[in-house]
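Peer 1: Please find one structure pasted underneath; my questions will follow.
The values are calculated or read from the model by the stated rules, or taken from the named source; none is laboratory data. As the structure is a prediction and not an experimental result, all values here were calculated from the model. Cβ coordinates were reconstructed from backbone atoms using ideal geometry, including for glycine residues, and neighbour counts include every protein chain displayed.
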Amino acid sequence: MKLILLGAPGAGKGTVAKELTKLDGSVQISTGDILRGAVQAGTELGKKADGFMKAGDLVPDDLIMGIMEERLQEDDCKKGFLLDGFPRTIPQAEALKELLTRIDIELDLAVNIDVPRDVILDRLTTRRTCSNTDCQAIYNVKSNPPKVEGKCDKCGSPVIQRADETDEAISKRLDTYNEKTAPLVGFYEKEGMLLTVTATSSEEVVKSIQSGIGK
Ligand SMILES: [Zn+2]
C-alpha cells in the first residue's frame, strides 16, 4: 500500500504505521528519518541538509522534496510506503503531487486519523518518562503507573512529565497542527483520496484502512 498518514500529534500515526508495515512489507517514511539517512549516507542533498540542521535552521522544502524523490525510488519502496508526518503543509502536498506524477507513483489513500482533542490531551498529558537518559522508560499515570509513585520500575530514577507533554505545550502543538496541517484534509478530499478514520484503537484504524484500500 502507498499511503499518506495524517493526524494530530498523539493520534497514533506511528503505532498505526508500524502495524501496517508488518502486514505487507511496506516501509514507514518520516521526514526526520530520511533526512538523517541522507546525511549519514553523505549524498549531495544530505550534505546540504546537514548544513541547515547544524545551523539550527529548517530544511527548505525543495531540499526535502529532492531527498524524498531519491528515497521513494529506492528498492524497498516497491512493496509500498507510508508517509508519516509528511506532507505537513499545502505547498509540500502540492510539490509531492507533482513529484509522484513525475516519477510515476500512484498513492492509494491519504488517511486522516481523527481522534478527539480531549482524547489526545488525556493520552499525552498522562504520560511520564524516566528522567534517566539511559533508560527513558515510559509510563502512564492512568493506564501504566510505576509501582512506586514517581519512581522508575527499571532504574529507580525519578519519573517526570516532559516539558513538551504538559497541558499547555500539547494545546500549543494541537493548535499549530490545526492551523498548518489540518488543511491537508481538505486538500486530499478534493483530490478524491481521503479516508477519514474516527477510531481510538490502532487495531480499528488498521482494519478501516485495509477495507478502505480493498486489500
Ligand atoms: Zn528508568
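Peer 1: Within region 71-94, work out how many residues are surrounded by fewer than 18 Cβ atoms within 10 Å (Cβ to Cβ) and either more than 20 Å from Leu184 (Cβ to Cβ) or not polar (S, T, N, Q) (or both). Spell out how you get there, then give the answer.
Peer 2: Looking only at region 71-94, we keep the residues that are surrounded by fewer than 18 Cβ atoms within 10 Å (Cβ to Cβ), and these are 73-79, 88-91, 94.
So of that shortlist, the ones also either more than 20 Å from Leu184 (Cβ to Cβ) or not polar (S, T, N, Q) (or both) come out as 73-79, 88, 90-91, 94.
The number of residues fulfilling the criteria is 11.
Peer 1: What's the total number of residues in region 114-138 that are near the ligand (Cβ under 10 Å from one of its atoms) and not β-branched (Val, Ile, Thr)? Write out each step before concluding.
Peer 2: Initial filter on region 114-138 (near the ligand (Cβ under 10 Å from one of its atoms)): 129-138.
From what is left, the residues that are not β-branched (Val, Ile, Thr) are 130-132, 134-137.
Residues in region 114-138 being near the ligand (Cβ under 10 Å from one of its atoms) and not β-branched (Val, Ile, Thr): 7 in total.
Peer 1: Checking the conditions here, which among Val197, Val141 is without any contact (Cβ under 8 Å) to a residue 24 or more places away in the chain and either away from the ligand (no atom under 16 Å from the Cβ) or not basic (Lys, Arg) (or both)? Walk me through it before giving the result.
Peer 2: Values: Val197 fails: without any contact (Cβ under 8 Å) to a residue 24 or more places away in the chain.
Selected residue: Val141, the only one of Val197, Val141 that is without any contact (Cβ under 8 Å) to a residue 24 or more places away in the chain and either away from the ligand (no atom under 16 Å from the Cβ) or not basic (Lys, Arg) (or both).
Peer 1: Among the strands (runs of 3 or more DSSP E) contained in region 1-105, which hold 1 or more residues that are small (Gly, Ala, Ser), at pLDDT below 95 and touching an Asp or Glu at 6+ places or on another chain (Cβ under 7 Å)? Reasoning before the result, please.
Peer 2: Details: elements: 2-6, 27-30, 81-84.
So the answer is 27-30.
Peer 1: Pick from Lys180, Lys190, Lys151, Lys147: which is away from the ligand (no atom under 16 Å from the Cβ), of a type outside the set (Phe, Trp, Tyr) and free of Cβ contacts under 8 Å to residues at least 24 places away in the same chain?
Peer 2: Numbers: Lys180 fails: free of Cβ contacts under 8 Å to residues at least 24 places away in the same chain; Lys151 fails: away from the ligand (no atom under 16 Å from the Cβ); Lys147 fails: away from the ligand (no atom under 16 Å from the Cβ).
Only one candidate passes the filter, namely Lys190.
Peer 1: Please specify each residue of region 154-177 satisfying the condition of being within 11 Å of the ligand (Cβ to nearest atom) and either out of contact with any Cys (no Cβ under 6 Å at 6 or more places or on another chain) or among the basic types (Lys, Arg) (or both). Before you say what the answer is, go through the steps one by one.
Peer 2: Residues of region 154-177 that are within 11 Å of the ligand (Cβ to nearest atom), as a first pass: 154-160.
Residues satisfying the conditions are Lys154, Gly156, Pro158, Ile160.
Peer 1: Right, something else. Pick from Leu72, Leu63, Leu45, Leu58: which is over 13 Å from the mean Cα position of the chain (by Cα) and farther than 28 Å from Ala182 by Cβ?
Peer 2: Details: Leu72 fails: farther than 28 Å from Ala182 by Cβ; Leu63 fails: farther than 28 Å from Ala182 by Cβ; Leu58 fails: farther than 28 Å from Ala182 by Cβ.
Of Leu72, Leu63, Leu45, Leu58, the one residue that is over 13 Å from the mean Cα position of the chain (by Cα) and farther than 28 Å from Ala182 by Cβ is Leu45.
Peer 1: For Ile209, all conditions in the list (1) within 16 Å of the ligand (Cβ to nearest atom); (2) at pLDDT below 95 hold save one; what is the number of the exception?
Peer 2: Ile209 satisfies every listed condition except (1).
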